[in-house]
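Structure first, then comments.
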Amino acid sequence: MESREAKRRTVAELVAERWGDHRAGLWCGERVFTHHEVAAGAAARAALLADLLPPGAEPHVGVLLDNTPEYPLWLGAAALAGAAVAGINPTRRGAELARDILHTECRIVITERAHLPLLAGLELPGVRLLLTDGEGYEDLLAPYTTAEPDASRAAPGDRFLLYFTSGSTGAPKAAICTQGRLAAAGASLVGQFGVRREDVHYVCMPMFHGNAVIADWAPALAAGAGVALRRRFSASGFLTDVRKFGATYFTYVGRAVQYILATEERDDDRDNPLRLGFGTEAGAVDAAAFERRFGVRLVEGYGSSEGGAAVQWSPGTPAGAVGRAAPGLVVLDPETRAECPTARFDAAGRLLNGEAAIGELVNQGPNPFEGYWRNPEAEAERRHGGWYWTGDLFCRDADGYLYFAGRTDDRIRVDGENLAAAMIENILARYEGADAVAVYAVPDPVTGDQVMATVAGSFEPVAFAGFLAAQPDLGTKMAPRFVRVVERMPVTATNKIHRGRLRREGVRCADPVWWRPPGERAYRRLARAEDAEGPLAPTRGPSPVRRQGLDPRTR
């Protein structure tokens with residue numbers, strides 16, 4: 001009988017299967033490649049890679065590119081060569097960027113002229129740069145253009161991706177994803193969403209991030225569907241691209257959906273080929289607005305970046321829930337490791353027992369987490385007690401549905417009650433003047449935390465206080481003590497809100513900050529940063545920040 005390992009597919013096999021498929025399969029700008037051309041290009045690069053990697057070196061290739069055709073070509077090449085791709089984040093700078101390349105032991109970095117200034121002056125001993133738009137690149141590839149894809153060099157257990165995930169402290173961790181896991185993830189999404197060969201997946205999220213590769217490129221590869229690339233995400237170019245490429249599916253993270261909704265509405269917005277968007281952090285309000293405007297359903301999913309836990313949406317999932325907990329998924333109190341009681345909601349959807357019900361999502365069953373590259377301490381933190389700890393907060397209702405409540409670093413504890421930052425954000429997103437909202441904890445000078453919100457858009461303090469009073473599902477401790485008003489929300493390279501920056505700056509920032517004294521509904525303006533010393537001082541009642549918080553886990 002074949003072993004379980006032998007039955008698993010590899011990414012290399014999926015790449016090789018497109019050999020001889022002369023349908024259009026890859027679009028970028030005005031360039032179009034057939035599936036066969038993509039497979040042939042991957043085979044040529046795989047042969048080149050085999051000659052370029054020094055003997056005895058880890059088969060790791062750094063890719064520092066925007067979403068150009070070279071990115072999926074080198075992904076395919078690495079798969080065929082049994083090598084791994086480390087996606088290099090172009091927003092990293094200096095020593096941090098060098099650290100990412102050296103930590104993952106990349107002996108080759110594939111890049112383009114636009115990113116050369118990032119590498120100038122860095123100490124990268126033993127690292128060779130390969131410019132995809134440089135003179136001599138085509139000549140370098142020329143001897144290998146007759147190569148055919150051969151999947152026999154790859155095994156399901158071969159490392160394929162080293163993708164960086166940030167933690168609350170320290171440098172980003174490089175999570176490992178093998179060929180078998182990525183191929184299985186792609187096949188799973190094909191089954192979940194009914195992906196067809198005729199579909200076109202629009203990849204507008206950056207490919208150095210796991211979302212674009214695992215949730216967008218992989219299912220397209222598994223189904224033999226097409227891929228359309230956008231060099232960098234553009235809200236204004238989104239609908240134009242979708243129509244141009246005939247895109248039927250796309251993924252998103254962070255604020256991408258809000259940026260699209262902020263573009264000018266047109267009467268023909270619903271005239272598009274999209275049938276599904278899949279991602280995280282759009283929020284219920286924006287998801288509903290997106291469907292009304294574009295006629296496209298957004299499916300909010302949950303998956304731990306490292307692959308250790310996932311929750312799938314299914315028909316019948318209540319509003320606000322991510323999906324039903326699979327066997328082995330439990331919500332635990334991180335301190336006692338006891339299972340949290342089920343969440344109770346009132347008729348307005350307000351969580352009544354957040355203090356007890358909110359805990360960390362833990363996978364006590366089998367999971368595909370494959371570890372971090374050269375980081376045993378971080379790996380042990382994920383796997384302590386023999387279980388996989390996601391670092392994400394949830395609560396679970398009596399029917400087994402899970403509700404996302406934020407990251408463990410986003411935990412807000414006010415007057416002994418645990419509050420869900422994600423749930424408060426969903427409520428504040430209804431405020432008419434808000435283009436984007438972030439909610440996070442700032443420490444109370446006596447004990448616990450206070451709630452702070454950053455609002456991008458317009459803010460009128462009297463109207464905002466009235467809005468809060470009118471929300472039936474806003475608990476008495478949920479109303480923000482502080483409101484920071486910004487023109488544009490600070491975001492990471494993957495369009496997620498940069499909560500670490502917001503939390504570090506707290507009330508001492510250059511933007512306008514309003515605060516609500518204990519026992520009052522009205523908000524007052526802090527005229528200067530030093531004026532915050534008044535509300536920062538300890539009081540007998542609930543009071544704001546005594547110190548700045550730590551970086552959150554960006555996932």
(message) Test of understanding: among GLU460, GLU487, which residue is surrounded by fewer than 19 Cβ atoms within 10 Å (Cβ to Cβ) and closer than 30 Å to LEU97 by Cα?
(response) GLU487
(request) Find the residue count for region 419-435, including only residues that are at pLDDT 90 or above and under 18 Å from the mean Cα position of the chain (by Cα). (result) 1
(request) Just name the residue that is farthest from ARG181 (Cα to Cα) out of those in region 334-345 that are crowded, with 17+ Cβ neighbours inside 10 Å and touching a helix residue (DSSP H, G or I) at 6+ places or on another chain (Cβ under 6 Å). (result) ALA343
(message) Residues to consider are ALA441, ALA470, ALA463, ALA522; find the one that is in contact with an Asp or Glu (Cβ under 6 Å, 6 or more places away or on another chain) and modelled with pLDDT of 85 or more.
(response) ALA441
(request) Output yes when any residue across region 380-389 is surrounded by fewer than 23 Cβ atoms within 10 Å (Cβ to Cβ), aromatic (Phe, Trp, Tyr) and in contact (Cβ under 8 Å) with a residue 12 or more places away in the chain, and no when none is. (result) yes
(message) Which count do you get for residues in region 88-120 that are farther than 16 Å from LEU49 by Cβ, at pLDDT 95 or above and not aliphatic (A, V, I, L, M)?
(response) 7
(request) For region 346-363, state whether one or more residues are at positive phi and surrounded by fewer than 19 Cβ atoms within 10 Å (Cβ to Cβ). (result) yes
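Residue by residue, here is whether (1) modelled with pLDDT of 85 or more; (2) more than 26 Å from ALA378 (Cβ to Cβ) holds:
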position	(1), (2)
GLY391	yes, no
TYR401	yes, yes
THR408	no, no
GLY416	no, yes
THR447	no, yes
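Table: residues versus (1) free of Cβ contacts under 8 Å to residues at least 60 places away in the same chain; (2) under 18 Å from TYR523 (Cα atoms); (3) in contact with a Leu (Cβ under 9 Å, 6 or more places away or on another chain); (4) of a type in the set (A, V, I, L, M).
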site: ASP397; (1), (2), (3), (4): no, no, no, no
site: ARG407; (1), (2), (3), (4): no, no, yes, no
site: ARG413; (1), (2), (3), (4): yes, no, yes, no
site: TYR431; (1), (2), (3), (4): yes, yes, yes, no
site: ALA436; (1), (2), (3), (4): no, no, no, yes
site: ASP449; (1), (2), (3), (4): yes, no, yes, no
site: ALA463; (1), (2), (3), (4): yes, yes, no, yes
site: GLY466; (1), (2), (3), (4): yes, yes, no, no
(request) Within region 473-521, work out how many residues are charged (D, E, K, R), outside any loop (DSSP other than H, G, I, E, B) and in contact (Cβ under 8 Å) with a residue 24 or more places away in the chain. (result) 5
(message) Which count do you get for residues in region 485-511 that are modelled with pLDDT of 95 or more and farther than 23 Å from ASP409 by Cβ?
(response) 1
(request) Taking SER234 as meeting all but one of (1) surrounded by fewer than 19 Cβ atoms within 10 Å (Cβ to Cβ); (2) part of a helix (DSSP H, G or I), write down the number of the exception. (result) (2)
(message) Please go through region 275-306 and give me each residue that is crowded, with 17+ Cβ neighbours inside 10 Å, modelled with pLDDT of 90 or more and assigned to a loop (DSSP other than H, G, I, E, B), ordered by number.
(response) VAL296, GLU306
(request) Can you tell me which residue within region 365-384, out of those that are assigned to a loop (DSSP other than H, G, I, E, B) and in contact with a strand residue (DSSP E or B) (Cβ under 6 Å, 6 or more places away or on another chain), is farthest from GLU335 (Cα to Cα)? (result) TRP373
(request) Tell me, please, whether a residue that is assigned to a strand (DSSP E or B) and within 24 Å of LYS496 (Cβ to Cβ) can be found in region 408-415. (result) yes
(request) Looking for whichever is touching a Ser or Thr at 6+ places or on another chain (Cβ under 9 Å), touching a residue at least 24 places away in the same chain (Cβ under 8 Å) and of a type in the set (A, V, I, L, M, F, W, C) here; the options are PHE160, PHE193. Which one fits? (result) PHE160
(message) For region 87-108, which positions are more than 16 Å from MET207 (Cβ to Cβ) and of a type in the set (Lys, Arg)?
(response) ARG93, ARG99, ARG107
(message) So, in region 307-333, exactly how many residues are loosely packed, with under 15 Cβ neighbours inside 10 Å and closer than 30 Å to THR178 by Cβ?
(response) 4
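The values are calculated or read from the model by the stated rules, or taken from the named source; none is laboratory data. For clarity, every value in this text was computed on a predicted model and none was experimentally measured. FYI the Cβ positions are ideal-geometry reconstructions off the backbone, even for glycines, and counts take in every protein chain you see.
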